[in-house]
């Protein structure tokens, strides 16, 4: 009887340990507020974008999953005065003022790595995909005033991470996620610009988890 009891206890402990080791949610869905600091390199000053969006993650294990991230951002009107830029031939172009308002949408996917604990879950991500920009501006030079309203698609990449704090079995609070956000928009409107924009992105929100 004692031997049987001991065997049952050992089996129960092993089963419980295995279940704990394999315990993770297959799916994560997040909704968030997002702030991005845009850096147009040598074509003007950095500017702020505010917006939000969400992401979906499918977890292959408790440590690794694949993430799809969709975010939208909008900026207030940004004015640049007395700007001089050089084209690739070294010819200077004087710009009296440039008034700019833009919207940005990023769509990226890639791996997400987690190190989960009972109370919180730090993670890192490497995402790549595209960015869509709707740009509205007026460019004033000594010769003329030009209004531009182009839309443009470009490569985008985000590298960073954050932490999720467990509120319940299926709900987590994300106090921060910080990423280096690279976009590669051309600069055909303003000559001499850098094609790489090195941006910063901060997000906060909630994560909901569930199984298949």
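Those strands (runs of 3 or more DSSP E) of the range 123-212 in which at least 3 residues are at pLDDT 90 or above, considering only elements entirely within it, cover 151-166, 171-183, 197-210.
Residue by residue, here is whether (1) over 29 Å from residue 164 (Cα atoms); (2) in a strand (DSSP E or B); (3) at pLDDT 60 or above; (4) more than 23 Å from the chain's Cα centre (by Cα) holds:
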| position | (1), (2), (3), (4) |
| --- | --- |
| 11 | yes, no, no, yes |
| 16 | no, no, no, yes |
| 30 | no, yes, yes, no |
| 33 | no, yes, yes, no |
| 109 | no, yes, yes, no |
| 117 | no, no, yes, yes |
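The values are calculated or read from the model by the stated rules, or taken from the named source; none is laboratory data. Keep in mind it's a predicted model, so treat the numbers as computed, not measured.
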